[in-house]
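Everything below concerns the one structure shown next.
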Amino acid sequence: MTTLLLTDIERALRSSWGADTCTPEFRARWSPGNPARDQCGVTAMVVNDLLGGELLREEYELLRTRVVQQLANARR
């Protein structure tokens with residue numbers, strides 16, 4: 001396994017974020033000034049590609065008004 005520096009991971013994440021990878025319903029609020037906005041899924045997948053682990057998909061109700069889906073990385 002290749003040793004990755006934090007700067008390598010940051011570079012990979014920043015190059016993967018864009019309006020086209022933002023959560024579709026929030027795409028209009030994405031901007032280059034805040035490139036990580038609504039990039040949870042892409043971030044989890046890039047980290048998974050680089051470091052391995054297991055992707056977990058979580059769903060929860062937010063303020064009893066809408067269901068939110070989230071991807072997270074889990075290392076075992």
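Nothing in this text is a laboratory measurement; each read-out follows from the coordinates by a stated rule. This is a predicted model, so every value here is computed, not measured. Reconstructed Cβ throughout: ideal geometry from the backbone, glycine too, with neighbour counts over all protein chains shown.
Worth a mention:
- As a rough guide to protection, the peptides 52-59, 2-9, 20-27, 35-42 ranked by mean Cβ packing within 10 Å, highest first, stand as 35-42, 20-27, 52-59, 2-9.
- Between the beta carbons of Arg14 and Glu59, assuming R0 = 22 Å, the FRET efficiency works out to 0.20 to the nearest 0.05.
- Using R0 = 35 Å, the C-beta based FRET efficiency linking Glu25 and Thr3 works out to 0.40.
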